[in-house]
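> Pasting a structure here, questions to come.
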Amino acid sequence: MKVLVAIKRVIDPYVKVRVKSDGSGVETNNVKMSMNPFCEIAVEEAIRLKESGVAEEVVVVSIGDNSVQETLRSALALGADRAIHVNGPTTLEPLVVAKVLAALMEKEQPQLVLLGKQAIDSDNNQVAQMVAALTDTPQGTFTSQLVIEDGTAQVTREIDGGLETLELSLPAIVSTDLRLNEPRYASLPNIMKAKRKPLDILEAESFNVDLQPRQQVVEVTAPPKRESGEIVSSVDDLIDKLRNKANVL
Ligand code: AMP
């Protein structure tokens, strides 16, 4: 079984994001970038499937400029076999990403495609569902447990009020939720080995997909600053402040 894992490079989740002074977006220059955390979970799941003998090959793909190669190398260091860099703009709309991935599925013919449930930079939560629709492939989203058995993918999802288990015929599209697994760290020898693993570069334009954006970011604003707290001297003082300052009583 071949597993294709789509990974996105995003601002590191532990970095404090700064909005650009012109409000056109967030600052990415000289900012630490990492693999999207939900994509790390997808890579981990694919590697576990390989380690348990269910999968034979794990291929990772990322769409973006040359910098995504660093993210692809970190996936190779974690245990992926091969990487594909689809060279194109860094900011692509989910539909464009989905169309490129759908075209890549046609080329690679994976039995399982793993994606993060959402990219933490744009919070779209759209690509997995769109790839499934474009390729007419069964989908399991927000997966917290995955079992591949007898040509099917059993996907457990945390839904309101309990767990839902779906059985999907393969090939299938699966998006990962937080509790699916806990990703490992790459060891130093594996980081060294990853440098020699194959990384192919394909041009996004070669996929015959219209890369032009259809939406425009009008403005990005930082959340309002939180006012500092106040220590009150007595319960009466507290009630007075709640009534006359905060106006909540
Ligand atoms: P989104 O729908 O944009 O929140 O992204 C969901 C998932 O789609 C991500 O976790 C990745 O698995 C995949 N994805 C989004 N953008 C890219 C990209 N530029 N390259 C590769 N995979 C991507």
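> Of everything in segment 94-119 that's open to solvent by 40 Å² or more (accessible area, probe 1.4 Å), more than 8 Å from the ligand (Cβ to nearest atom) and of a type outside the set (Asp, Glu), which residue is farthest from residue 178 (Cα to Cα)?
Looking at residues that are open to solvent by 40 Å² or more (accessible area, probe 1.4 Å), more than 8 Å from the ligand (Cβ to nearest atom) and of a type outside the set (Asp, Glu), I get 107.
> Yes or no: segment 122-145 includes at least one residue that is on the phi > 0 side of the Ramachandran plot and either away from the ligand (no atom under 13 Å from the Cβ) or in contact with a strand residue (DSSP E or B) (Cβ under 6 Å, 6 or more places away or on another chain) (or both).
yes
> Now for a different question. What is the number of the single condition among (1) loosely packed, with under 10 Cβ neighbours inside 10 Å; (2) within 30 Å of residue 131 (Cβ to Cβ) that residue 224 does not meet?
It is condition (2) that residue 224 fails.
> May I pose another question? So, residue 173, is that one within 15 Å of the ligand (Cβ to nearest atom), in contact (Cβ under 8 Å) with a residue 40 or more places away in the chain and in a strand (DSSP E or B) or not?
yes
> Then there is this: What are the residue pairs meeting all of these: first residue in segment 122-144, first residue modelled with pLDDT of 95 or more, second residue of a type in the set (Asp, Glu), Cβ atoms under 8 Å, and 6 or more apart or on different chains?
The qualifying pairs are 135/106; 142/158; 142/177; 143/177; 144/158; 144/177.
> From the list 153, 204, 246, pick out the single residue that is on the phi < 0 side of the Ramachandran plot, at pLDDT below 90 and open to solvent by less than 90 Å² (accessible area, probe 1.4 Å).
Going through 153, 204, 246 in turn, just one is on the phi < 0 side of the Ramachandran plot, at pLDDT below 90 and open to solvent by less than 90 Å² (accessible area, probe 1.4 Å): 246.
> Report, ordered by the first and then the second residue, all pairs with beta carbons closer than 8 Å, sequence separation of six or more or different chains, a first member in segment 37-48 that is within 11 Å of the ligand (Cβ to nearest atom), and a second member that is among the aromatic types (Phe, Trp, Tyr) and assigned to a helix (DSSP H, G or I).
From segment 37-48, no pairs qualify.
> Ok, one more. Among the residues of segment 58-74, is any open to solvent by 20 Å² or more (accessible area, probe 1.4 Å), in contact with a Phe, Trp or Tyr (Cβ under 7 Å, 6 or more places away or on another chain), more than 10 Å from the ligand (Cβ to nearest atom) and farther than 18 Å from residue 183 by Cβ?
No, that holds for no residue.
> Here is a further query. Do the conditions hold for residue 42, that is, is it under 22 Å from residue 134 (Cα atoms), in contact with a Ser or Thr (Cβ under 6 Å, 6 or more places away or on another chain), modelled with pLDDT of 95 or more and not hydroxyl-bearing (Ser, Thr, Tyr)?
For residue 42, the condition - under 22 Å from residue 134 (Cα atoms), in contact with a Ser or Thr (Cβ under 6 Å, 6 or more places away or on another chain), modelled with pLDDT of 95 or more and not hydroxyl-bearing (Ser, Thr, Tyr) - is met.
> Shifting gears a bit: Take residue 90 and tell me if it is modelled with pLDDT under 95 and among the polar types (S, T, N, Q).
Taking the combined requirement at face value, the residue satisfies it.
The values are calculated or read from the model by the stated rules, or taken from the named source; none is laboratory data. Every value quoted in this text rests on a predicted model; they were computed, and no experiment measured them. Ideal geometry is used to build each Cβ from the backbone, glycine not excepted, and the neighbour counts take in all protein chains shown. Ligands, DNA and RNA are stripped out before the accessible areas are found, and what is left, the full protein with its side chains, is counted by its heavy atoms. Shrake-Rupley method; radii C 1.70, N 1.55, O 1.52, S 1.80 Å.
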